[in-house]
Amino acid sequence: MGGMTNSKRIEHDLDNLPNTFRERDLKQILNDLGEEDSGLGYNEVIRTGVFTTKIIVWETDEKLKKRSEVNISRTGAFVDTITKDFYDEETGTSIVATVTATVTRTGNNFVAYVDTTVNRP
């Protein structure tokens, strides 16, 4: 994507696209969640079988302070929810915000819509 800033590059308009494009864009959102954090400390990718289930971003490879943690839950191969916890900068142990994206699918497992909520404890 050569030189584009994240604010210009990461744009998703799921509501106005046909189902096949929504499915493709959901995969892109997952990629973007990981890419947003790349270069920021140490990225730990945890897989269950062939699927990524968690991405933890640590301040360093010593894994003492978390920056964020993304959890991806699925039913079979299909993503149900993506939850991203943001940790405080000082200690890296307290969650300061959580963003949850809940996927609603059609009977054919196409993405119908994604509902996003933000929680700040």
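No value in this document is a laboratory result; all are computed from the given coordinates. Owing to the predicted nature of the structure, the values given are computational and were not obtained by experimental measurement. Using ideal geometry, Cβ is built from the backbone for each residue, glycine included, and neighbour counts are taken over all protein chains shown.
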* To do: Note down the magnitude of the dipole of segment 71-121 about its Cα centre, charges +1 on Lys and Arg C-beta and -1 on Asp and Glu C-beta and zero elsewhere, to the nearest 20 debye.
  => 320 debye
* Using a basic spin-label model with each label point 7 Å from the Cα along Cα→Cβ, how many nm lie between Ser73 and Glu89? -> 3.2 nm
* Structure fact -> With 0.36 nm assigned to each residue of separation and the Cα-Cα distance removed, Val99 to Thr116 gains 5.4 nm
* Estimated vicinal HN-Hα couplings, Hz - segment 63-72 in sequence order (Karplus 6.51, -1.76, 1.60; Gly, Pro = x) -> 6, 9, 10, 7, 9, 7, 9, 10, 10, 10
